[in-house]
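The values are calculated or read from the model by the stated rules, or taken from the named source; none is laboratory data. Note that this is a predicted model, so its numbers are computed, not measured. In this analysis, Cβ positions are derived from the backbone assuming ideal geometry, glycine residues included, and neighbour counts consider all displayed protein chains.
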Amino acid sequence: MKKHVKHYGIAFLVVLVLLTAGTGVFVYSGIYNIGADDHHTKPVYAMLQVLRDRSIDLRSEGVVVPDLDDPKLILKGAGQYAAMCTGCHLSPGVNDSELRVGMYPKPPDLSKVHVDPKHAFWVIKHGIKMSAMPAWSMAGHDDPTIWSMVAFVEKLPGMTPAQYKAIVAKAPPDEDMDMDHDHVHQHPHEAPSQPNHAPGADAPTDTTHAPTDTASPATAQSS
């Protein structure tokens, strides 16, 4: 019996060493194409989704959600969203943007999907590694400002283009939005003017952003 256990142990160690060595060779070889125009294999795509979702679930558990129906909070969030988020997450009536069309996986269209507010807050604040989602807290945005974005995104699905333009026009100016990222940012009182062309390839949406809930139309996510 002891001999069998010993043999199994040795076999396990050999397999482990071979797998480790093989993984090292694969990674160092550069065989895997990291280009955004070459999509992940289904197993890699699925693994990244699970990794992202579980990481966000765990880290957002203790987040306390404030009153997201506060009109002033929503109004401030409208200006923040128009200035910083539309290049990737679009706005009502806009099908795609020059920036988003080349992204893989595509960020969620937040005018059409709904996300847990806790997830939205955590993702906006901390960003997501190896994606186009920045940590807005590192750009000087405090928690109340981030919550304003969450509050606005909660109301965004179902909003008409006219309603969106109206609320953005009323949004207060904010110093935090005067940043040198012209390809994504716009003046807070301007509705985004982005092309309505469709993407060249039907890339999957939202592998690198907080998980979305497309079943119900009244809550949403990040910038």
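Numerical summary
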{"item": "One residue from 101, 150 being over 14 Å from the mean Cα position of the chain (by Cα) and of a type in the set (Val, Ile, Thr)", "result": "101"}
{"item": "Any hit, the stretch 34-57, residues being within 24 Å of residue 166 (Cβ to Cβ) and surrounded by fewer than 22 Cβ atoms within 10 Å (Cβ to Cβ)", "result": "no"}
{"item": "Hits in the stretch 105-130 (condition: buried (at least 19 other Cβ atoms within 10 Å of the Cβ) and in a loop (DSSP other than H, G, I, E, B))", "result": "105, 107, 108, 109, 110, 111, 113, 115, 116, 127, 128"}
{"item": "Every residue from the stretch 164-183 that is modelled with pLDDT under 90 and not in a loop (DSSP other than H, G, I, E, B)", "result": "175, 176, 177"}
